[in-house]
Structure formats: structure tokens, C-alpha cells
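Enquirer: Okay, here's the structure, questions in a sec.
The values are calculated or read from the model by the stated rules, or taken from the named source; none is laboratory data. Being a predicted model, the structure only gives us computed values, none of them experimental. Cβ atoms come from the backbone with ideal geometry, glycine included; neighbour counts cover every protein chain shown.
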Amino acid sequence: MSSSPLAVPTPLSTERTVRGLTRLQLFMMSFGSIVGVGWITILGQWLSLAGPGGSIVALAVGAAAVLLVAANYALLARNDLFAAGGEIGAVAASLGQRAAFIVTVAMCLATISIVAFEAVSAGWIATTIFPALEGPPLYRIFGRDVHAGTVVIALIGTMIVAALNLRPIAKTARAQNVIVFVKLAVTAMFCIGGVVAGDATNLLPLLPTTATGEPAYGGILALVATMPLWYAGFHVIAILSNERAATVRLTDVGWVMRVAIVAACLFYACVVLAASYVVPWQTLISAPLPAATAFRNGLSSTTFANLVLVSGLLGICSAWIACFAASVRVLNQLRKQLSGRAADVRSATMFITVVAAILALAGRAALVPIVNVAALCFGLVYLLVSLATWRHAVTTRQRCVVVLGAVVAGSMAAFVFVSAVAESGWQAPEVGIVVLAVVASTVLWMMRSKSSVYAS
């Protein structure tokens, strides 16, 4: 295989101008990608494992762990290694073209999976707010009914997001700004309402207790292991950094990533506290939508419960837009690697729309496998990015951060895979998807065009 440097792919925006992505827009794309809708459904599990106090500790420790990975991204950004295609270019320059291809395939699988996840979640949340939209059941998958209304919402939503991503990225980012600002305003409303109308005694005990009444600390460690999953998404800045405004410096890219992670940590902590403040947190453990249930039961208010769901719906939109934008750019990188042909935004957009729509037809039964596959892929990408950073780490501190970042990323991928196998055995859908992806990517690599700039 040739050791020649990675050729710079044709950018989607041929030059950075004052109309490129500002620092705020980069932040909104990253923050919106991190804080989607998962917190609405996962809150009960967090409280079950660690209670409100332990959940906040785990969120803080998890954010610190992901910040180590982000520090490696920041170092690559300072060295302008994202100019040749985000993480893909940085890994190619440091670890070679095969490693870059692995990153590309993993990112394609992860980002398209998240687009499908948001489509399914949009149908779920929308029909929860407006039950009349659900419609009759069409078929069953893995023991769950898939209703007409949720399918229609998922398909229409995917097409709308696809249309948004055909516009210049600066216009898409302005739409993202509005969505995230409104989401934060709505979240602030129900969080403040919960604290004002709630009772601090509902937070007690801050940790789950054992049979003898002693605090159970083990749940915190178990929850910390899952935390990198809930901060995944900060990396979209690396993919979009080539389309930043001329006023945005290379050093700003790393700082925006860090701020997005810290902001997401604060957001999650506020939700945990507000929901646990309204009702005794033990009552939320088995609730299907714990955050909404807390406000519906604690305040006897459907309005506040719907505000939670609206916040989740807006979170879906923000993550949907950011991940779709990332997936278009990654898919174009894959096409460049395989054929050497110039990027085609429209064909990439159409392909992602079709694949995401097909995955969305599986309904809610597909949500857990989708999340696990995406998390596994992100862990692999973060691991390779951290390893690629070693070549550019010149101080002892930087090398320590590289090692710690690699440990965090590797642990994230291993935890997801082992958990999926432990729960469903080797017949788990995640295992099949991973095997299929490995086989397909191997065949594609072997069949790639010799005219490709990435070819040996």
C-alpha cells in the first residue's frame, strides 16, 4: 500500500468565507448532536443505578473522560490535520489509508444509524404528545407493533431534514441555532417549574441503598461506563471544521468541542435534578418516559409533561440535522476512497435518506440495536483518532492524554459489545450488523477502483 499522504477531498464548500460556520454555529451543531432525546427514556435507568446524586457524579466523571478524547481532537485541530477530511484525513496522515478506511466505514454506519434513530424517536415522541397521530398498526417486528402514524412521521421528517441539508451549511446552521435556543428555553421552563413546585426531600436518599440501608456505590461505576455514549456527537465539529468562517481559528475548534461537552453535562444534570425534585425519584425507575412522567404526576400537569416531550422533540431535530450533515460528508469521503470520484452531495443525501427510511421501518424495536451499533462505531473512531494523535504529541502531558483517551474509547467500544452479547447472546442484532459491516467493507476495499487517490 502506498504511503503517500491523503489527498484533500473536494470540499462541499470550496473556501472558507465570512459566511461559513461561526463559533456559535459550530457549538450548536455539536451540542445539538450530543443532547438529543435519549435522556427522556434513559433517566429511569440512571436513577435505578445511581440515584440523583450518583447520576450527577457519573455525568461529571463521564464528561471528564470524554474531554480526554476531545483533547486529542483539539491537538489534531491545532495541527490543521482536519483539513483533509476531518478525522478521516487525520487518521490517514498518521496511521495510513487502511485505518482511515476503517474510520470512514465506522462513521458512515454510526451517523446513518443515528439519523434512523432520530426518525423513529420523532414518531414516538410526536404520537405521545398527540396520540391521534399514531394510527392503526401496520405490522409487528420483534414483538412490537409498528403504527402507520409513526412510520409516516419518520419518513416525512427524514425527507425534511434531507432537504435542509441540501441548502448551504450556513443556512442549515441558522436553523439549528433556532431549534437549540428554543429547546434550551423550553427545558429551562420545566426545570424551573420543577424546582419551584417540587420538594428537596424527593431527592433523598441521594444514592440507592443496599438491603442493610447502606449507600450502594457500585451503580455509579456501572453508570460511568455508559457515559461516553451520552456525550458522543461532539466530533461533528471535526467534520465541519473545513466549512468554518474565516474568523474561526484552528484553536477555536478544540475549545468549542470542550464547551459543548461541558454544556451537555450541565443540561443532563439539570434534567436529573428537576425530575427528581418533583416526585420521589424511586417512582421514576420503571416509568417508560421518566422525565415526562415526573412532571405529569408531580405537578398534575399535562402541560409541563408535554414541555418535556417538546424539548425532546426539538432535541431530535437538532441531532437529526447535525448527524445528517455529518453523514453526507462522511459518505462522500467513502466514495472518494473507493472510486476517486468527486463528491456528489445530492446522491449522498438520497442514499442516506433511503437507508435511514428503511431502518426506521423497524420501529421502536430497532432503537436499542441502533444505539449500540452507533456507540460501538464511535468508540472505534475515537480509539483510532487517539492513536493517530500520538505522532503529534510532543510533551509528556500530551502523551498521557493520548493514552487515557485511547483507554476511554476502547473501554466504550468493549463495554457496548460485551453488554449486547451478555443481554442477547451471539444472536444479538448488533453482532450481525458488525459482522455484515466487516464483510461488506472488506469486499469494498478489495474492489476499490485503481483510479482512486486512496488506492494502493
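Enquirer: Restrict the check to segment 153-167 and report whether at least one residue is part of a helix (DSSP H, G or I), modelled with pLDDT under 90 and more than 17 Å from A232 (Cα to Cα).
Expert: Among the residues of segment 153-167, at least one is part of a helix (DSSP H, G or I), modelled with pLDDT under 90 and more than 17 Å from A232 (Cα to Cα), which makes the answer yes.
Enquirer: May I ask you to list the residues in segment 58-74 that are buried (at least 20 other Cβ atoms within 10 Å of the Cβ) and either of a type in the set (V, I, T) or over 21 Å from the mean Cα position of the chain (by Cα) (or both)?
Expert: Scanning segment 58-74 gives V66, V69.
Enquirer: Of the residues L383, L361, L338, which single one is out of contact with any Cys (no Cβ under 7 Å at 6 or more places or on another chain), of a type in the set (A, V, I, L, M), within 25 Å of F31 (Cβ to Cβ) and buried (at least 17 other Cβ atoms within 10 Å of the Cβ)? Even if it seems obvious, please write down each step before you answer.
Expert: Details: L361 fails: within 25 Å of F31 (Cβ to Cβ); L338 fails: within 25 Å of F31 (Cβ to Cβ).
Answer to the selection: L383.
Enquirer: Further, regarding this structure: Within segment 128-151, work out how many residues are of a type in the set (S, T, Y) and at pLDDT below 90.
Expert: Total meeting the criteria: 2.
Enquirer: Can you tell me which residue is modelled with the lowest pLDDT among those in segment 1-42 that are under 17 Å from A246 (Cβ atoms) and aliphatic (A, V, I, L, M)?
Expert: Among them, the one singled out is L12.
Enquirer: OK, next. For the structure I just gave you, tell me whether T247 is modelled with pLDDT of 85 or more, polar (S, T, N, Q) and closer than 29 Å to M28 by Cα.
Expert: Here the answer is yes, as T247 does meet what is asked.
Enquirer: Residues S48, S55: which one is buried (at least 23 other Cβ atoms within 10 Å of the Cβ) and under 25 Å from S311 (Cβ atoms)?
Expert: Among S48, S55, only S55 is buried (at least 23 other Cβ atoms within 10 Å of the Cβ) and under 25 Å from S311 (Cβ atoms).
Enquirer: Moving to a separate point now. Would you pick out the residues in segment 292-320 that are assigned to a helix (DSSP H, G or I), over 26 Å from the mean Cα position of the chain (by Cα) and free of Cβ contacts under 8 Å to residues at least 60 places away in the same chain?
Expert: Hits for segment 292-320 are R296, N297, T302, T303.
Enquirer: Give me the helices (runs of 4 or more DSSP H) completely within segment 197-289, filtered to those with at least 3 residues that are within 25 Å of L184 (Cβ to Cβ) and either polar (S, T, N, Q) or touching a Leu at 6+ places or on another chain (Cβ under 6 Å) (or both), ordered by residue number.
Expert: On the way: elements: 218-231, 236-240, 250-278.
Output list reads 250-278.
Enquirer: Between residues in segment 321-335 that are part of a helix (DSSP H, G or I) and residues that are of a type in the set (K, R), which pairs lie under 9 Å by C-beta distance while being six or more apart or on different chains?
Expert: Short answer, once both residue conditions are applied: R335/R341.
Enquirer: Just to check your reading of the model, which residue among T209, T201, T251 is of a type in the set (V, I, T), surrounded by fewer than 19 Cβ atoms within 10 Å (Cβ to Cβ) and touching a strand residue (DSSP E or B) at 6+ places or on another chain (Cβ under 8 Å)?
Expert: Of the residues listed, the single one that is of a type in the set (V, I, T), surrounded by fewer than 19 Cβ atoms within 10 Å (Cβ to Cβ) and touching a strand residue (DSSP E or B) at 6+ places or on another chain (Cβ under 8 Å) is T209.
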